[in-house]
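The following block contains the structure, expressed as structure tokens.
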Amino acid sequence: MKVSDAMKKDIIKVKRSLPLRSLLMEFRDFHTHPLIPVVDDQEHLIGMVYPENLLDLLRPQHAKLFRNIPFTEIDEDAFDLDPIPSMGELIIVDDVMDINFISIKEESFLQDAYKMMRLHKKERLPVVNDENKIVGILGIFDIIWRMFKEKGIV
């Protein structure tokens, strides 16, 4: 079975120039995908915004530096910070998007997608076509649901 058989095609994508406030408003009621694809004018996938990228805006700088060091505990509480409201217009998607991301081709097999998710510890992957244009998002539950459907359970 192919990735294109299981992926979600109803996705919201954004441009790199979108202000933070607009990004947050756009996804306020859209809880299906915890990742936000960023595309260029030709709809090519150029980056991803993960929830972690947005939380980093509220963390102290020193907490970000030590986040991936084992056995290091940083007392960080995003609720204690006092961000300025103008951040909503001053910060744009390009400032927070991750350009080091993995994606999967729509013609790949679901087994390969599952292996890639496990290897990279991802629960969702952007799906692209041969021109590297985003065509969907595949989540681990999409794979699980498709497997149960193939077995006639759902």
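The values are calculated or read from the model by the stated rules, or taken from the named source; none is laboratory data. Everything quoted here is computed from the prediction, not taken from an experiment. Backbone-built Cβ (ideal geometry, glycine too); neighbour counts: all protein chains shown.
How many residues, within segment 103-135, are on the phi > 0 side of the Ramachandran plot and within 15 Å of the chain's Cα centre (by Cα)?
1
Another question about this same structure. Name the residues in segment 102-116 that are surrounded by 13 or more Cβ atoms within 10 Å (Cβ to Cβ), under 13 Å from Ile134 (Cα atoms) and not basic (Lys, Arg), would you?
Within segment 102-116, Ser103, Ile104, Glu106 meet the criteria.
So which residues in segment 117-154 are of a type in the set (Gly, Ala, Ser) and either buried (at least 19 other Cβ atoms within 10 Å of the Cβ) or under 20 Å from Asp10 (Cβ atoms) (or both)?
Gly136, Gly139
Any residue in segment 38-58 that is modelled with pLDDT under 75, in contact with a strand residue (DSSP E or B) (Cβ under 7 Å, 6 or more places away or on another chain) and at negative phi?
No, the conditions are met nowhere in segment 38-58.
Quickly run through segment 96-129 and pick out the residues that are in contact with a His (Cβ under 7 Å, 6 or more places away or on another chain) and among the charged types (D, E, K, R).
Residue satisfying the conditions is Arg124 alone.
For every residue, the table says whether it meets (1) touching an Asp or Glu at 6+ places or on another chain (Cβ under 7 Å); (2) farther than 26 Å from Arg16 by Cβ; (3) not β-branched (Val, Ile, Thr).
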position: Ile84; (1), (2), (3): no, no, no
position: Gly88; (1), (2), (3): no, no, yes
position: Val96; (1), (2), (3): no, no, no
position: Asn100; (1), (2), (3): no, no, yes
position: Gln111; (1), (2), (3): no, yes, yes
position: Val135; (1), (2), (3): yes, no, no
position: Asp142; (1), (2), (3): no, yes, yes
position: Met147; (1), (2), (3): no, yes, yes
